[in-house]
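The values are calculated or read from the model by the stated rules, or taken from the named source; none is laboratory data. The model shown is predicted, which means the values in this text are computed figures rather than measured ones. Cβ: placed from backbone, ideal geometry, glycine included. Neighbour counts: every protein chain shown. Remember, those area values only see protein heavy atoms, side chains included, never the ligands or the DNA or RNA. Shrake-Rupley method; radii C 1.70, N 1.55, O 1.52, S 1.80 Å.
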Amino acid sequence: MREVWKSVLAFLKNTIPEEVFVPWFGKVEFTEDSEPDIINISVPSVPHSKFIKAQYEKDIEEKAAEICGREIKLKITVKDPNKGAMISEPLPGPANTLPEEEKAPKSIDEIATKCGLHSGLTFDTFVIGNANRVARSSAMLVAEFPGERCNPLFIYGGVGLGKTHLMHAVGRKILEDNPNTNLLCISANRFINEVVSLSAGGRYSDEKIQKFDNKYRNLDALLIDDVQFLCKRGGTQQRLFNIFEALLPKNKQIILTCDTYARQLSDFDERLISRFGAGLSVSIEPAEFELRAAILLQKAKQQGVKLPLEVAYLIATRLNTNIRELEGALNSVIMRAEVFKKPITEELAKEALQGITGTGRISIENIQQSTAEHFSIKIADMHSKRRVANVAYARQIAMYLAKELTQKSLIEIGYAFGGRDHATVLYAVKKITKERAQNQELNHTLHLIEQDLKNWN
Ligand code: ADP
Ligand code: MG
């Protein structure tokens, strides 16, 4: 087992940043266990043991199993249980100037958490497919050259498609490459709250504003999630605009996520919209079938569950857009298997998925039907080549609504409208978006159809 441990350790050394590896694994000692198939290691302190168990137990066991070709368990003993964390080398940089009790070296997870990042959302756990390939490679580029290319990076797409995950992954990589980066990842809602609190009680406090400005203007990287929530928030938008003006000229990286592309945001300061779009905008499209299945297999593996391929396919067929819902469905299946102590089979999955249908709440077919009824045309005309003005107009409206209310890509929408190409759909979406902003009557009509669709389900 000693040789196995040596190989595992070498693997960890290659995959974990040195500033994490040295303090946490530098003093780990191996002991032969009396039982077979056990890697027994001793560590200096309880925090050590907790950290390794929480962060690396699974990796260690998986790697050992891969080397041995059978299941191997990790056993951790603590040499001196009364000791606090005893780490050989503290982290370089600002951590050294902290008060004594905070001086304990920070793992990359701790640093990331302090910056507002979730530790599970990394590039390693982000599965690549057609729907996110471009967004992912742009994100990787930004992570490798923060502030130098694509600034700001604007990631947009529907709900639950991986925008937040990708943005956190960039933040994580920036910190892994340089743990001293002054990075902040914040949701737009929290940002709004911070701005609102500057004028608590109706009065601005200079001191608070100073503090706020210092915090944001000295950042090396600012990541804001769901910027669409800043809509109608004039004051907050102004503050954000000022932060952009401070950071961008200094090549400090800004990354934003949004549920739509920048030009489509309404009730936004025009200058801010133009800043949003001034770097690189990338979209994440709804995941295609293969990607959905691959994500399911990976999520199951992360939980240590063996998911048969046919069950992954079954779930991926049932839920066809939102990945968060896909995960929810997977968890229902796993839970059912645990509760009934049964293996995960297609039959069990079908039982678990009863009643779960996903966001397909509003379908393109519903939209075509409602719109056709509203304009008194035949549903068949949604697919037909007829170019009569009112038919073509109703079709464009339905295409626009399909883009707005479903998670379908332009290509899929085109396909559902009699095999039209994505450029035709894009043209319709842009045209109706523009008209809606200028034409009260159209806006009202669209509201009616939208209400109709929402009540339908
Ligand atoms: P969004 O911000 O677009 O609403 P999230 O980033 O929160 O979506 O993603 C929803 C869930 O789906 C998260 O748990 C995330 O980890 C997962 N997810 C999304 N895309 C992927 C992917 N490509 N690989 C692995 N997990 C993904
Ligand atoms: Mg999100």
How many angstrom lie between the Cα centre of segment 172-189 and the Cα centre of segment 321-393?
37 Å
Rounded to the nearest 10 Å², what accessible area does Glu3 show when all protein chains are kept and the probe is 1.4 Å?
120 Å²
Just tell me which aspartates and glutamates come within less than 14 Å, Cα to Cα, of Lys431; anything on the same chain fewer than 8 places away is out.
Glu404
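For the pairs Lys252/Lys408; Lys27/Lys106; Lys27/Lys163, flag any whose C-alpha to C-alpha distance is greater than 27 Å.
Distance filter (> 27 Å) returns Lys252/Lys408; Lys27/Lys163.
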Label-point separation (nm) for Phe145 and Tyr261, each offset 7 Å from Cα along Cα-to-Cβ?
2.4 nm
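When the convex hull of the Cα atoms of segment 217-262 is projected onto a plane and the area is averaged over all directions, what value comes out in nm²?
3.2 nm²
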Out of every Cα-Cα pair in the chain, what percent are more than 42 Å apart?
29 percent
In debye to the nearest 20, how big a dipole does the chain give about its Cα centre with +1 on each Lys and Arg Cβ and -1 on each Asp and Glu Cβ?
1160 debye
In the chain the accessible area split gives carbon plus sulfur, as whole percent at 1.4 Å, a share of 51 percent
Calculate the dipole size of segment 158-287 relative to its Cα centre from +1 charges on Lys and Arg beta carbons and -1 charges on Asp and Glu beta carbons; express the result in debye to the nearest 20.
220 debye
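Quick one: of the DSSP bridges fully inside the chain, what percent are antiparallel, nearest 5? It would help to have the intermediate numbers written out before the result.
On the way: 3 of 27 bridges.
Roughly 10 percent of the DSSP beta bridges within the chain come out antiparallel.
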Taking only Cα atoms of segment 140-263, the Rg to Rh ratio with Kirkwood Rh works out at 0.97
Pairs of Cα atoms under 8 Å, at least six residues apart: use those to get the relative contact order of the chain, whole percent.
11 percent
Rank Leu353, Gly414, Asn390 by how far each Cα sits towards the positive end of the charge dipole of segment 343-415 (+1 on Lys, Arg Cβ; -1 on Asp, Glu Cβ) and give me just the farthest.
Asn390
Residue among Ile108, Val170, Trp5 farthest towards the positive dipole end of the chain, charges placed on Cβ:
Val170
Which of Ala143, Ile255, Gln303 sits closest to the plus end of the dipole of the chain, meaning its Cα is farthest towards the positive end, when Lys and Arg get +1 and Asp and Glu get -1 on the C-beta?
Ile255
Rounded to the nearest 10 degrees, what's the angle between the helix 440-456 long axis and the longest principal axis of the chain, both from Cα atoms, 0 to 90?
60 degrees
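Express the Stokes-Einstein translational diffusion coefficient of segment 338-457 in µm² s⁻¹, to the nearest whole number, given a Kirkwood radius over alpha-carbon pairs, 25 °C and a viscosity of 0.890 mPa s.
Values: Rh = 15.8 Å.
The Stokes-Einstein estimate is 155 µm²/s.
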Just need the relative contact order of segment 304-418 here, percent rounded to a whole number, with Cα pairs under 8 Å and 6+ apart.
23 percent
Once both axes come from the Cα atoms, what is the angle between helix 46-68 and the longest principal axis of the chain, in degrees from 0 to 90, rounded to 10?
80 degrees
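Could you compute how fast segment 286-342 diffuses translationally, taking Rh as the Kirkwood radius over C-alpha pairs and applying Stokes-Einstein at 4 °C with viscosity 1.567 mPa s? Give it in µm² per second. Can you show the working numbers first?
Numbers: Rh = 11.2 Å.
Roughly 116 µm²/s, to the nearest whole number.
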Whole number in Å², please: accessible area per residue of the chain, 1.4 Å probe, ligands, DNA and RNA not counted.
51 Å²
Can you give the accessible area of Phe25, probe radius 1.4 Å, in Å² rounded to 10?
10 Å²
Using alpha-carbon coordinates, inclination of helix 309-318 to the longest axis of the chain, degrees
30 degrees
